[in-house]
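The values are calculated or read from the model by the stated rules, or taken from the named source; none is laboratory data. A quick note: this is a predicted structure, and the numbers were derived from the prediction, not measured. When we count neighbours, we look across all protein chains shown, and the Cβ atoms used for this are built from the backbone with ideal geometry, even at glycine. Side chains are part of the model used for accessible areas, which takes the heavy atoms of the whole protein and leaves out ligands, DNA and RNA. Shrake-Rupley method; radii C 1.70, N 1.55, O 1.52, S 1.80 Å.
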Amino acid sequence: MASKPDEIELTEDELRAITGYAADCARRVLPVFEQDHPGDARPREAIEAADAFAAGGRRTAALRQCAWAAYKAAQETDSPAAIDAARAASHAAGAAYLHPKASSHQIKHILGAAAHTARAEELTSGPNPQAATQTLEWASHHAPPAVARVLARMPAPPTGGGRVGELIRALDAALRPTP
């Protein structure tokens, strides 16, 4: 139950559903990262940690460390698609730390993995200009009801953020219930 004006209601079941969804999204592009960095398990470990939390595990320091490790993996690669794939994994593990605040920044915790997945697939699609749109359609159809419920409690997503920001806003528009 929300107790402050800027807080929203966020149940543990919703948090687990959002985290599982983020892991499912990030898993789509894990091979993109692993093809460039076959010996680097950090993004895979972040997705596995997110899966464990979504399945009922505890939110631990190790989960947070996995999120940061995948983020660091993104910083250590030169491939734009691998960067977005590692960031998707980082967002998957980080989704478990969504705060119950009515803040547009929190939307990235909900949809960041899906947006970075769409960007990675866009970058690896070659001549397919619809790759990101197709990924967002997949993400929209695979989102559990908890995603839309929580988005409905949030303000609009922030402006900016480059291409990933555009993808977040497009997915938010597809998922957010209309009043």
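Summing Cβ point charges (Lys, Arg +1; Asp, Glu -1) relative to the Cα centre of the stretch 62-121 gives a dipole of roughly 300 debye.
If the segment from Arg153 to His99 were pulled out straight at 0.36 nm per residue, it would be longer than the present Cα-Cα gap by 18.2 nm. Close amide H contacts of Glu7 (hydrogens built in the peptide plane, cut-off under 5 Å, sequence separation of 5 or more or a different chain): Ala102.
Here the accessible area of the chain is 53 percent carbon and sulfur, with a 1.4 angstrom probe and all protein chains present.
Once the convex hull of the alpha carbons of the stretch 11-58 is built, what does its volume come to per residue, in cubic angstrom? About 53 Å³ per residue, rounded to a whole number.
Sorted by accessible area with a 1.4 angstrom probe, largest first, how do Cys66, Cys25 fall? Each step should come with its number before you reach the end.
Working: Cys66 30, Cys25 0 Å².
Descending order: Cys66, Cys25.
Each principal axis of the Cα cloud of the chain was evaluated for its coordinate range; sorted largest first, these ranges are 46, 36, 25 Å. Sorted largest first, the spans of the alpha carbon positions of the stretch 36-122 along the three principal axes are 35, 26, 19 Å.
Each Lys and Arg adds +1 at its Cβ and each Asp and Glu adds -1 at its Cβ; summed about the Cα centre, the stretch 127-179 shows a dipole of about 180 debye.
Can I get the semi-axes of the stretch 84-153's equivalent ellipsoid? Compute them from the C-alpha gyration tensor as square roots of 5 times the eigenvalues, in angstrom, largest first.
Working: eigenvalues 110, 38, 16 Å².
Equivalent ellipsoid semi-axes, largest first: 23, 14, 9 Å.
Values of log10 I(q)/I(0) for the stretch 54-97 across q = 0.21, 0.26, 0.29 Å⁻¹ run -0.62, -0.82, -0.93, by the Debye formula with one identical scatterer at each alpha carbon and no solvent. Of the residues Ala69, Gly39, Val29, the one whose Cα sits farthest toward the positive end of the charge dipole of the stretch 1-101, with +1 on the Cβ of Lys and Arg and -1 on the Cβ of Asp and Glu, is Ala69.
Only DSSP H runs of four or more residues enter the estimate; each adds -39500 (n - 2.57), and after division by the residues of the chain the mean residue ellipticity at 222 nm equals -20500 deg cm²/dmol. Distance from the C-alpha centroid of the stretch 26-59 to that of the stretch 145-179: 24 Å, rounded to the whole angstrom. Estimated at 0.36 nm per residue, the fully extended path between Asp6 and Thr133 surpasses their Cα-Cα distance by 42.5 nm.
Taking the Cα centre of the chain as the origin, how large is its charge dipole in debye, to the nearest 20, when only Lys and Arg (+1) and Asp and Glu (-1) carry charge on their Cβ atoms? Display every interim value, and only then the final one.
Values: 19 positive and 21 negative charges, 87 e Å.
Charge dipole, the chain, about its Cα centre: 420 debye, nearest 20.
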